[in-house]
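Below is one structure; the comments refer to it alone.
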Amino acid sequence: MQEVKSGAAGAIELAVNAGRARAQAFCGRLGIEKPFLSAPMEGVAGVDLVAAVSEAGGLGVLPVGEMTPEEVAAAAAAVRAKTTKPFAFQIRIPPKGGRAPEALHQLADGLSAVFEDLGLPAPLSKEGRERYDFTLDRAAARFEAQFAAVLAARPAAVLSTSGGFREPEAEALFDARIVNIGTATTLREAKVLRAAKVDAVVLQGSEAGGPRANFEDRDDVMTGLNALVPAAAKATRLPVVAAGGVCGPEQALGLVLAGASAVMCGTALTGAAESLATPYTRRALVWADAAALTTTRLYTGRLVRCLRSPLLDALADYEAVLPAWPLPEVLMRPLTEAARRAGREELEAVFLGQSVGRSAYRTASEAVERITALIA
Ligand SMILES: Cc1cc2nc3c(=O)[nH]c(=O)nc-3n(C[C@H](O)[C@H](O)[C@H](O)COP(=O)(O)O)c2cc1C
């Protein structure tokens, strides 16, 4: 009996050591100390959070969002003013052009009163048509300029979401010795990214807060990390980073045992002092649990996990007639940004994942320290 026990204990020890060694190898590749990445979270993960995560030994990931090239350069300098340690940028692969702006008309009609109330130009007015990027032409042009600025900033890694980089971009990253990390929501997407020669894959499980990063498969495939991590680690033989619902050391250890080389956390960092989360989001972190969340396509045209809200309830009928991803963002982004500026909490977009209510870290370094306690 004793022998069987020690045999199992020995096997567990071997598995833990193998997992830790895998995590350490990935850290070595990135030049970091702890197998922890902060999630790119527009409006939440700014310079302070990213620098704090990197300073704590993880890899802070700064989303470029709608930054101009000058803003990208300034953000890189601001992070470097706070830490000498490695950090990363995240950039979203833009959709192909040729979107039909008419598809936005119904939603634009439905939102016109709210736009007026927030002091925004009406979506379909002359001013609105100039201000909002109905054809997504600006998004495509912005990507090229942002990528060049990101490359020039020489971060340790660049993460892509909603697809992988094309060959010229992947080669430019390779030549600059910048680690190229893709994001997958399914096994198939992980294999597609491997074929596109990424160095590592973030696996976004269905538990995750915020927007789904799917690109080959539908957004409602919704594979959990328990199924995704071992399958993708084995099939790709690349380092995989587990993202979605991770908030504690035992989970991180379990994911590393399942094949992950690191974890990525979003929701667990939202309440940290360095995050840009609004007072409303910070209060929600106290009272909300997973049952307070919902998934909706209203913000982007693809599923987003977020807090239920009066705005989402009022717009529920539009889910059936939404234009394709990411067109709803053309209107929902200015709306939610204006709501945030005005402190209009009933209109705020609060993105949270299934760990909400179980992750109350006061600082980024506390989160990094604690979550990696069993794997670093
Ligand atoms: C507040 C918040 C904002 C987010 N914003 C973005 C974003 O701008 N771009 C993006 O690619 N992912 C975004 N995400 C998704 C994260 O990149 C990541 O997949 C997710 O946070 C992982 O799950 P977790 O929140 O349960 O840790 C966001 C997530 C949260 C919680």
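State yes or no: is residue 270 over 16 Å from residue 303 (Cα atoms), open to solvent by less than 10 Å² (accessible area, probe 1.4 Å) and at pLDDT 95 or above?
Values: over 16 Å from residue 303 (Cα atoms): yes; open to solvent by less than 10 Å² (accessible area, probe 1.4 Å): yes; at pLDDT 95 or above: yes.
When the stated conditions are applied, residue 270 passes them.
Looking at the range 241-267 only, could you name the residues that are surrounded by fewer than 24 Cβ atoms within 10 Å (Cβ to Cβ) and out of contact with any Ser or Thr (no Cβ under 8 Å at 6 or more places or on another chain)?
Once the filter is applied, which keeps residues that are surrounded by fewer than 24 Cβ atoms within 10 Å (Cβ to Cβ) and out of contact with any Ser or Thr (no Cβ under 8 Å at 6 or more places or on another chain), the range 241-267 yields 250, 251, 253, 254, 257, 258, 259.
Take the residues in the range 333-347 that are out of contact with any helix residue (DSSP H, G or I) (no Cβ under 8 Å at 6 or more places or on another chain) and closer than 16 Å to residue 210 by Cα, then tell me which one is nearest to the ligand (Cβ to nearest atom).
The qualifying residue nearest to the ligand (Cβ to nearest atom) is 333.
Restricting attention to the range 348-376, and to residues there that are within 16 Å of the ligand (Cβ to nearest atom) and outside any loop (DSSP other than H, G, I, E, B), which single residue is nearest to residue 123 (Cα to Cα)?
Here the residue is 351.
So which residues in the range 180-197 are closer than 22 Å to residue 154 by Cβ and open to solvent by 10 Å² or more (accessible area, probe 1.4 Å)? Spell out how you get there, then give the answer.
Restricting attention to the range 180-197, the residues satisfying the condition of being closer than 22 Å to residue 154 by Cβ are 180-183, 196-197.
If the condition is that a residue be closer than 22 Å to residue 154 by Cβ and open to solvent by 10 Å² or more (accessible area, probe 1.4 Å), then 196, 197 are the ones that fit.
Return the only residue of 317, 313 being within 20 Å of residue 283 (Cβ to Cβ), more than 16 Å from the ligand (Cβ to nearest atom), of a type in the set (Asp, Glu) and more than 20 Å from the chain's Cα centre (by Cα).
Details: 317 fails: within 20 Å of residue 283 (Cβ to Cβ).
Answer to the check: 313.
Looking for something part of a loop (DSSP other than H, G, I, E, B) and without any contact (Cβ under 8 Å) to a residue 60 or more places away in the chain - is there at least one such residue anywhere in the range 126-141? Walk me through how you get there before you give the answer.
First, the residues of the range 126-141 that are part of a loop (DSSP other than H, G, I, E, B): 132-136.
Filter once more, so that each one left must be without any contact (Cβ under 8 Å) to a residue 60 or more places away in the chain: 135.
Checking the range 126-141: at least one residue is part of a loop (DSSP other than H, G, I, E, B) and without any contact (Cβ under 8 Å) to a residue 60 or more places away in the chain.
Just the residues that are touching a Gly at 6+ places or on another chain (Cβ under 6 Å), outside any loop (DSSP other than H, G, I, E, B) and more than 25 Å from residue 29 (Cβ to Cβ), please, taken from the range 246-281.
In the first step, residues of the range 246-281 are kept if they are touching a Gly at 6+ places or on another chain (Cβ under 6 Å); the result is 256-257, 266-267, 276.
This time we only want the ones that are outside any loop (DSSP other than H, G, I, E, B), so: 256-257, 267.
267 - this is the single residue of the range 246-281 that is touching a Gly at 6+ places or on another chain (Cβ under 6 Å), outside any loop (DSSP other than H, G, I, E, B) and more than 25 Å from residue 29 (Cβ to Cβ).
State all residues of the range 142-156 that are part of a helix (DSSP H, G or I), small (Gly, Ala, Ser) and more than 20 Å from residue 329 (Cβ to Cβ); if no residue qualifies, say none. Steps first, please.
Just the residues of the range 142-156 that are part of a helix (DSSP H, G or I), to begin with: 142-153.
Applying the additional criterion that residues be small (Gly, Ala, Ser) yields 145, 148-149, 152-153.
Selection gives 148, 149, 152, 153.
Would you please name the residue that is surrounded by the fewest Cβ atoms within 10 Å (Cβ to Cβ), looking only at residues in the range 203-225 that are more than 14 Å from the ligand (Cβ to nearest atom) and free of Cβ contacts under 8 Å to residues at least 60 places away in the same chain? Break it down into steps so the answer makes sense when it comes.
We begin by selecting, within the range 203-225, every residue more than 14 Å from the ligand (Cβ to nearest atom); these are 216-218, 220-221.
Subset that is free of Cβ contacts under 8 Å to residues at least 60 places away in the same chain: 216-218, 221.
Values: 216: 16, 217: 17, 218: 12, 221: 16.
So the residue we want is 218.
Among (1) without any contact (Cβ under 8 Å) to a residue 24 or more places away in the chain; (2) touching a Gly at 6+ places or on another chain (Cβ under 6 Å), where does residue 93 come up short?
Going through (1) without any contact (Cβ under 8 Å) to a residue 24 or more places away in the chain; (2) touching a Gly at 6+ places or on another chain (Cβ under 6 Å) one by one, residue 93 breaks only (1).
What is the residue count in the range 266-286 for residues that are more than 10 Å from the ligand (Cβ to nearest atom) and β-branched (Val, Ile, Thr)?
Here is the first cut: in the range 266-286, the residues more than 10 Å from the ligand (Cβ to nearest atom) are 271-274, 278-280, 282-286.
Right, trim to β-branched (Val, Ile, Thr) and you get 278, 286.
Residues that pass the stated criteria total 2.
The values are calculated or read from the model by the stated rules, or taken from the named source; none is laboratory data. Quick caveat: nothing in here was measured; it's all calculated off a predicted structure. Using ideal geometry, Cβ is built from the backbone for each residue, glycine included, and neighbour counts are taken over all protein chains shown. When the accessible area is computed, the model is the full protein with side chains, heavy atoms only, and any ligands, DNA or RNA have been set aside. Shrake-Rupley method; radii C 1.70, N 1.55, O 1.52, S 1.80 Å.
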